[in-house]
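Here, each number is a calculation from the coordinates, and none is a lab measurement. Just so it is clear, the model here is predicted, and its values are computed rather than measured. Neighbour counts are summed over all protein chains in view; Cβ atoms, including those assigned to glycine, are modelled from backbone coordinates with ideal geometry.
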Amino acid sequence: MSANPRVSVLINAYNGAAFLREAIESVYAQTFSDFEIVLYDDASTDDTPNIAKSFDDKLRYFRSERQVPLGEARNNALEFCRGEFISFLDQDDLYLPEKLARQVAAFSEGVGLVFSNSLRFWEADGREDLFYKSRPPDGDAFRQLLRAYYLPIHTVMIRRSALPSDRTWWFPEHFKMCEESDLFLRIAYKYRIAYVDEILAKYRVHGNNYSLTNREDLIKEPLEIIDRLSKLHPEFQEEYAEEIRAYRADIKREEARGHWRRGNRYRTWRCYYESLRLNPRPVFLAELFLSFFLPYRAFPAIRSGVGRPL
């Protein structure tokens, strides 16, 4: 293996042995060979260490002696990455064989981040769903990302030099869920982003996905992201006022869904009203209407049936 591989594939793991081997093998199956895997184990108590040690020296294994928040674990892993580019893969997701090759080729001068389309697939029944139904904005896309964030981490590759010099401004170390949104938004603020219009990764949906079981972090952490973004320059709040209103509307929408899920109709409606006040999108009105008549358990099937943006 090269001492300085072109790409570092960063995998954070915690008790993910059920899917980890398949994730790693999807990296070894790449048509692009100049890579290393940096596997950072956040004090797993399952078979993760043995799985890691079963691969050759293209995989470099590091282990924390204590469990830390995901943001800190990602930063710890970044410290070990030697590549010019860094690609992210969670322990339960997969790359398709052209992922690294296509994304490395998409970097040009001024581009700090490359992303692609992907498939979501359900472990229980094998269903698949395309993530982007239409081409997402790229180029100078910070305003669009702030208005409606759309970069799933398993599709992203960044230029190492796009990371701030101060680790404090990498992933927020106390974040458990939205850490990548913070970093990728700040990269998009400074650099252009590029989209590869191909399916290059797969996101596995299963019962233990943190993003499906810890929804409260989807409200708390995005609010803090706005505070961190506001430090980019003194007039940030004024210059991006419209986008921030849309961003806050999405947070209220997520809060409404949480109340709907718990059966608290009054709070559901109040949060949807607030989201409509901030950003009167028809989709918010549609969800409010559905919440009057249906339990939340019916909503995911409707959303999947009509496709995003519901």
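Rg (Å, one decimal) plus Dmax (Å, integer) for the alpha carbons of segment 240-306?
11.7, 36
Okay, helix-only estimate at 222 nm for the chain: each DSSP H run of n ≥ 4 adds -39500 (n - 2.57), divide by all residues, round to 500 deg cm²/dmol; what do you get? Let's see the in-between values first.
Numbers: 13 runs with 129 residues, N = 310.
About -12000 deg cm²/dmol.
For segment 72-187, just the Cα atoms, rotate onto the principal axes and tell me the three extents in Å, largest first.
Here the spans come out as 43, 30, 29 Å, largest first.
Using the Kirkwood radius over Cα pairs, work out the Stokes-Einstein diffusion coefficient for the chain at 4 °C and 1.567 mPa s, in µm²/s as a whole number. Could you put the intermediate results ahead of the total?
Values: Rh = 20.4 Å.
My calculation gives 64 µm²/s for D.
Give, in nm to one decimal, the length gained when the segment between residue 80 and residue 57 is fully stretched (0.36 nm per residue of separation minus the Cα-Cα distance). Could you put the intermediate results ahead of the total?
Working: separation 23, 0.36 × 23 = 8.28 nm, distance 1.42 nm.
My answer for the length gained is 6.9 nm.
Determine the equivalent ellipsoid of segment 1-157 by diagonalising the alpha-carbon gyration tensor, then write out the semi-axes as square roots of 5 times the eigenvalues, largest first, rounded to whole Å. If you can, show how the numbers build up before the last one.
Details: eigenvalues 127, 73, 52 Å².
One finds semi-axes of 25, 19, 16 Å for segment 1-157.
Taking R0 as 22 Å, what FRET efficiency do you get between residue 105 and residue 190 from their Cβ-Cβ distance, rounded to the nearest 0.05?
Details: r = 22 Å, r/R0 = 1.00.
The value I calculate is 0.50.
Order of 149-159, 166-176 by packing, highest average Cβ count within 10 Å first?
Details: 149-159: 21.9, 166-176: 16.5.
Top of the packing list down: 149-159, 166-176.
Taking 0.36 nm per residue of separation and subtracting the Cα-Cα distance, what length does fully extending residue 50 through residue 67 add? Write down the numbers at each step before the final one.
Values: separation 17, 0.36 × 17 = 6.12 nm, distance 1.83 nm.
That pair, residue 50 and residue 67, stretches by 4.3 nm at full extension.
Report the Cα centroid-to-centroid distance between segment 171-202 and segment 48-112 in angstrom, as an integer.
Spelled out, the Cα-based centre of one part sits 14 Å from the other.
Take the Cβ-Cβ distance between residue 3 and residue 198 as r, set R0 to 22 Å, and report the resulting FRET efficiency rounded to the nearest 0.05. Don't skip to the end; give the middle numbers.
On the way: r = 31 Å, r/R0 = 1.40.
After rounding, the FRET efficiency stands at 0.10.
Starting from the 7 Å offset along Cα-to-Cβ, what nm value, one decimal, do you get for the label separation of residue 238 and residue 130?
Label at residue 238, label at residue 130, 4.4 nm between them.
Calculate the spin-label point distance for residue 285 paired with residue 160, positioning each point 7 Å from the Cα along the beta-carbon direction, and give it in nanometres.
5.1
Please state, rounded to one decimal and in Å, the Kirkwood hydrodynamic radius that segment 59-120 gives when every pair of distinct Cα atoms enters the mean of 1/r.
Values: mean 1/r = 0.0713 Å⁻¹.
Roughly 14.0 Å, rounded to one decimal.
What's the FRET efficiency of residue 169 with residue 292 using the Cβ-Cβ distance as r and R₀ = 41 Å, to the nearest 0.05?
After rounding, the FRET efficiency stands at 0.40.
Hey, can you rank 184-193, 121-130, 34-43 by average C-beta count inside 10 Å, highest first? Numbers along the way, then the final one.
Details: 184-193: 20.4, 121-130: 11.7, 34-43: 21.9.
Ranked from most to least packed, the peptides come out as 34-43, 184-193, 121-130.
Number of Lys pairs in the chain with C-alpha atoms less than 30 angstrom apart, excluding same-chain neighbours closer than eight positions?
29
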